[in-house]
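Following: one structure in structure tokens, then a few remarks.
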Amino acid sequence: MRPELRGELFQRHDGNPILTAADWPHTVNAVFNPGVAQLRGETLLLARVEDRTGISHLGVARSVNGLTDWIVEHDRNMVPDLASHAEQFGIEDPRITQIGDEYLIVYTGYSSDGPLVCLAKTRDFRSFERRGVLMPPEDKDAALFPRQFEGRWALIHRPVSATPRLAAHIWLSWSPDLRHWGAHTILFSAREGAWWDAHKIGLCAPPLETPRGWLLLYHGVQTTAAGSIYRLGLALLDIAHPDRVLARSSEWLLGPDAPYERIGDVDQVVFSCGWQLLDDGDTIRLYYGAADTSICVATASLCALLDWLSRHST
Ligand code: BMA
């Protein structure tokens, strides 16, 4: 690692990557981009598992300490309905929001018309109740807030429009029942030109409630002569009115640097679908996919992240 990066806010776990395809009980190509939940005292990762067909399903790994001794559950899988339009080419990138003892999983369905946003519910990560398509293609990188606002659910997502040129911004939409969505509004746009988050951005983990507002982790994609670089930055939304953006980081916070982030099926990718605030109220554990190949974890202090954002905001 480059010496100047040692002071980074997110500290990579020494045991990274914590999970790879070799940990799976059957032959798969790659495991990455897990959603995270706490279930009966254990950390549960719902990972994107790409078979050697190229199609992904979601599979469970669990650990008592959330860092080591992972048990991969061969009978706890959410598999795509390949006969449906929405999931014809697989399911990917789950974001998990816990409401009471229910878990709402917002995931990407890979349809024949491109990615779209789907919802499923579970209590045990063994049986999954499909709740249908929330947003038509092309749309992905979606997650629900963990509470309602004056009786309405709020969803962050990332539709793509083709005119006047490809634009991929972060949007907010509202629903009374998790079924009918409206009042769509852009939360913030991809920057332009040379910026690290030019042209294409998307939500990573579900919004995290903090004393200063909803903390958002989002990814930005920079296009270079050598291909795309996926990095992570932060934004902050008003706690009562999440359509108000209070801050957005000018710099990225975590980008590909370790060899397992730089080289893989898709080089130069750090991509996250889940983070956890630990019981001390300050330690954030970020689970992320590295180079679309393996699963890693890094930790940071919530206070330090919020301070950093207030000093590096546009
Ligand atoms: C995004 C998603 C992620 C993937 C990333 C880099 O568009 O498809 O699943 O990790 O691209 O390939």
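We did not get these values from a lab; they are worked out from the coordinates using the rules stated. Because the structure is a prediction, the values reported are computed rather than measured. With ideal geometry, Cβ positions are generated from the backbone for all residues, glycine too; neighbour counts draw on all protein chains shown.
Structure notes:
- Residue within segment 63-78 that is over 20 Å from P17 (Cβ atoms) and within 19 Å of the chain's Cα centre (by Cα) present: yes
- Set side by side, the residues P34, P25, P17 differ, and just one is crowded, with 21+ Cβ neighbours inside 10 Å, in contact with a strand residue (DSSP E or B) (Cβ under 6 Å, 6 or more places away or on another chain), in contact (Cβ under 8 Å) with a residue 24 or more places away in the chain and in a loop (DSSP other than H, G, I, E, B), which is P17.
- The set of residues from segment 267-290 being touching a helix residue (DSSP H, G or I) at 6+ places or on another chain (Cβ under 6 Å) and closer than 15 Å to P17 by Cβ comprises V270, A290.
- Residues that are without any contact (Cβ under 8 Å) to a residue 40 or more places away in the chain and among the β-branched types (V, I, T), drawn from segment 230-263: I239, I263
- Considering residues of segment 254-282 that are more than 10 Å from the ligand (Cβ to nearest atom) and among the hydrophobic types (A, V, I, L, M, F, W, C) only, the residue surrounded by the most Cβ atoms within 10 Å (Cβ to Cβ): L254
- Total residues in segment 157-188, condition of a type outside the set (A, V, I, L, M, F, W, C) and surrounded by 15 or more Cβ atoms within 10 Å (Cβ to Cβ): 6
- Within segment 221-230, the set of residues being surrounded by fewer than 23 Cβ atoms within 10 Å (Cβ to Cβ) and under 13 Å from L254 (Cα atoms) comprises V221, I229.
- Any hit, segment 242-250, residues being under 22 Å from L45 (Cβ atoms) and either away from the ligand (no atom under 16 Å from the Cβ) or crowded, with 20+ Cβ neighbours inside 10 Å (or both): no
- Qualifying residues in segment 129-153 (those that are under 18 Å from V245 (Cβ atoms) and surrounded by fewer than 22 Cβ atoms within 10 Å (Cβ to Cβ)) - the one farthest from the ligand (Cβ to nearest atom): F149
- Residue in segment 251-290 that is farthest from N33 (Cα to Cα), counting only those that are touching an Asp or Glu at 6+ places or on another chain (Cβ under 6 Å) and aliphatic (A, V, I, L, M): V266
- Sole exception among (1) part of a loop (DSSP other than H, G, I, E, B); (2) surrounded by fewer than 19 Cβ atoms within 10 Å (Cβ to Cβ) for D75, by number: (1)
- Screening segment 264-281 for residues that are among the acidic types (D, E) and more than 21 Å from G233 (Cβ to Cβ) and picking the one that is farthest from the chain's Cα centre (by Cα) gives D280.
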